[in-house]
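Structure first, commentary second.
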Amino acid sequence: MQLDESEDVLKEQSEYIEYVRSWNDEYYRKNNRRRKAFCLTMGCQMNAHDSEKLVGYLEDMGYEMTNAEKGADFVIYNTCCIRANAEEKVYGRLGWLKTYKHKHPDVIIAMCGCMVQQDTVMEQIRRTYNFVDVIFGTFNLYTFPKLLATRIQSGSSVYDIWTKSKKIVESMSAMREHKFKASVNIMYGCNNFCSYCIVPYVRGRERSRKPEDIIKEVEALAAEGVKEVMLLGQNVNSYGKTLENPVSFAELLRMVNEVDGIERIRFMTSHPKDLSDELIAAMRDCDKVCNYLHLPVQSGSSRVLEKMNRRYTKEKYLELVDKIKKEIPDILISTDIIVGFPGETEEDFKETLDVVDRVGYSTAFTFLYSKREGTPAAKMDNQIDEETAKERFNRLLEHVNSGVEKISETLVGTVENVLVEEINRQDKTMVTGRTERNSLVHFKGGEELIGQVVPVKITQNKIFYLIGERM
Ligand code: SAH
Ligand code: SF4
Ligand code: F3S
């Protein structure tokens, strides 16, 4: 049984956790300070949630977490490779780390995440950055204590990258960034192979967690005071298809909706091709499921969408949006858009602008197409030159911003329930939180409100955020 297997796996790791912990305790006794660990998250929410698991392990192993890389005794980069600039950032920082390690040879440096799943990257690291002590990939994150203990015992580098997942490990503890909101993986990997995207190659095939394991985790989070859960998967709409007893994502949402104590349910990411009527009905019926949907369109041109292997057309996407708006009239929708996909013409691009104008997104994450070696799009003819892509990108931003402004304007005067997240960074007399529909709101208030859901009247539209007054 999976759970028993998970228990065995984690039991094995706990011996290594003990080992590193005593090594760190001994250091503490001698030096009267704890060894400090620094963890840098470079990717998406999945990657950030993996980092929470790493931090959980690091604290169990007797490290004190620090936000300052300089001065840290252990440094780990949890990398991303979705676009070239994500990788360039890592190489830039590795240059700095090389000097740091040279000055402080006792510092242990580790890398993990999507980027190191690529053979070319590992070759480069072996050639140029072999001062990195520990490397592991996306499939064996749970073996981190073993790898670190082995490095400490042996004094030599330990690199261990798997090419596929061996099992889903349940019950790993994670150190959450917030007390009142938490991410929950519902599935791993992706089977979609959008032609531009590296994720299926570095995260493997789609694997869903069993609903009972997910519910158990959500119940435990609720018992700890968590009010908002974010269900994570690369394509949540195809959740459960590969399970022994298939369960749909809509059914899962209804189950999570029943968990006492949870007040808000979010999820990402939804692939338009798999968004069913059943799911729209579940979103409409479940009171805790937020009236907010991230629905990446990528391009508005059916021709480009086909080359992207997205498996929907512009018309299908717009029909879907209409259907959702009809069932859930106050929903806000956000999206991801890629500009400059190989072969994108001015006409194709105008189709994208048309979709942006017609849907009216509350937020849109816009990206310049980035060529990823190993993906089908990297080999396509007519790669778009940088100048054209950038010019389109700027025009796209104008459309996105004017759409966002219009949506934000409709929110002025409404009363929104805001989950307060933190003291405002600029003005300490204010707090910052998110509405159910994911708008960022600042309003007068103090620390005691953090983690509370409070009604706030929206008074001003600042386009990318709102100002309100507590009711
Ligand atoms: N699974 C999610 C997306 C994960 S990646 C989905 O299908 O929607 C997040 C976003 O990065 C994607 O939606 C896409 O807009 C962008 N992206 C992925 N690969 C890219 C590439 N090669 N160049 C530019 N943007 C890319
Ligand atoms: Fe990438 Fe497409 Fe999978 Fe999203 S659905 S992770 S864009 S391949
Ligand atoms: Fe996420 Fe980047 Fe990997 S977007 S899945 S961390 S390539």
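Taking all protein chains together and rolling a 1.4 Å probe, residue 41 ends up with roughly 60 Å² accessible. With the biggest extent put first, the Cα atoms of the stretch 257-380 measure 50, 30, 23 Å across the principal axes.
Kindly give the semi-axes, whole Å and largest first, of the ellipsoid equivalent to the stretch 173-313, taking each as the square root of 5 times a Cα gyration tensor eigenvalue.
Working: eigenvalues 147, 54, 41 Å².
Taking √(5λ) for each Cα gyration eigenvalue gives 27, 16, 14 Å.
With both labels modelled 7 Å from their Cα along Cα-to-Cβ, the residue 216 to residue 84 distance reads 4.6 nm. Whole-Hz Karplus values for the stretch 239-248 come out as 3, x, 5, 9, 6, 4, 10, x, 9, 8 Hz, taken residue by residue from phi with 6.51 cos²θ - 1.76 cosθ + 1.60 and θ = phi - 60°; glycine and proline positions read x.
Once you have the Cα-Cα distance between residue 245 and residue 414, take 0.36 nm times their residue separation minus that, and quote the gain in nm to one decimal.
56.5 nm is the gain from fully extending residue 245 to residue 414.
Spatially, the stretch 44-58 and the stretch 295-310 are offset by 31 Å when compared through their Cα centroids.
Scanning residues 5 or more positions from residue 364 or on other chains, those with amide H under 5 Å from its amide H are 335, with H placed 1.01 Å from N in the peptide plane. Annotation for the stretch 165-220: chymotrypsin sites (Phe, Trp or Tyr not before Pro) lying in DSSP loop with at most 14 further Cβ atoms inside 10 Å of their Cβ are 193. Proximity of backbone amide H atoms, modeled 1.01 Å from N, is registered between residue 165 and 205 at under 5 Å, excluding neighbours fewer than 5 places apart on the same chain. With N the number of residues in the stretch 38-169, Rg(Cα) / (2.2 N^0.38 Å) evaluates to 0.97.
The heavy atoms of residue 9 offer some 10 square angstrom of accessible surface to a 1.4 angstrom probe.
If each residue of separation counts as 0.36 nm, what is the full-extension length gain between residue 179 and residue 309 once their alpha-carbon separation is subtracted? Spell out each step's value before the answer.
On the way: separation 130, 0.36 × 130 = 46.80 nm, distance 3.93 nm.
Contour length minus Cα-Cα distance gives 42.9 nm.
Can you give me the long-range amide H partners of residue 276? Hydrogens built in the peptide plane at 1.01 Å from N, cutoff under 5 Å, separation of 5 or more residues or another chain. Long-range HN contacts for residue 276: none found.
With a probe of 1.4 Å, find how much accessible area the stretch 1-148 has per residue, and write the answer as a whole number in Å².
Details: 6760 Å² over 148 residues.
Per residue, the stretch 1-148 has an accessible area of 46 Å².
Quick check: at a probe of 1.4 Å, how many percent of the accessible area of the stretch 23-135 sits on carbon and sulfur atoms?
Values: 2370 of 5110 Å².
Carbon and sulfur atoms account for 46 percent of the accessible area of the stretch 23-135.
For the chain, which DSSP H helices look membrane-span-like by this rule: Cα extent along the axis of 30 Å or more and mean Kyte-Doolittle of at least -1.0? Can you show the working numbers first?
On the way: long enough: 2-31 (43 Å, -1.68); 386-411 (37 Å, -0.87).
Passing helices, by number: 386-411.
Longer than 26 Å from Cα to Cα, which of 288/326; 101/390; 36/103; 30/89; 227/323; 11/216 are they? Say none if no pair is. Those over the limit are 101/390; 30/89; 227/323.
Rounded to 0.05, the FRET efficiency of the residue 165 and residue 32 pair, given R0 = 60 Å and the Cβ-Cβ distance, is 0.90.
Whole-Hz Karplus values for the stretch 459-469 come out as 10, 9, 9, 9, 6, 8, 8, 10, 10, x, 10 Hz, taken residue by residue from phi with 6.51 cos²θ - 1.76 cosθ + 1.60 and θ = phi - 60°; glycine and proline positions read x. Given +1 at the Cβ of Lys and Arg, -1 at the Cβ of Asp and Glu and no other charges, the dipole of the chain around its Cα centre is 1060 debye to the nearest 20.
Protein-only accessible surface at a 1.4 angstrom probe places the residues 96, 162, 23 in the order 96, 23, 162, largest first.
Can you figure out the FRET efficiency of residue 14 with residue 255, using R₀ = 45 Å and their beta-carbon distance, to the nearest 0.05? Present the calculation step by step, with values, prior to reporting the outcome.
Numbers: r = 30 Å, r/R0 = 0.67.
The computed FRET efficiency comes out at 0.90.
With the gyration tensor restricted to C-alpha atoms of the chain, the semi-axes of the equivalent ellipsoid amount to 36, 28, 23 Å, longest first.
The values are calculated or read from the model by the stated rules, or taken from the named source; none is laboratory data. Predicted model only: the values in this text are computed from it and were never measured. Note: ideal-geometry Cβ built from the backbone for every residue, glycine included; neighbour counts use all protein chains shown. Please note that ligands, DNA and RNA were not included when accessible areas were found on the heavy atoms of the full protein model with its side chains. Shrake-Rupley method; radii C 1.70, N 1.55, O 1.52, S 1.80 Å.
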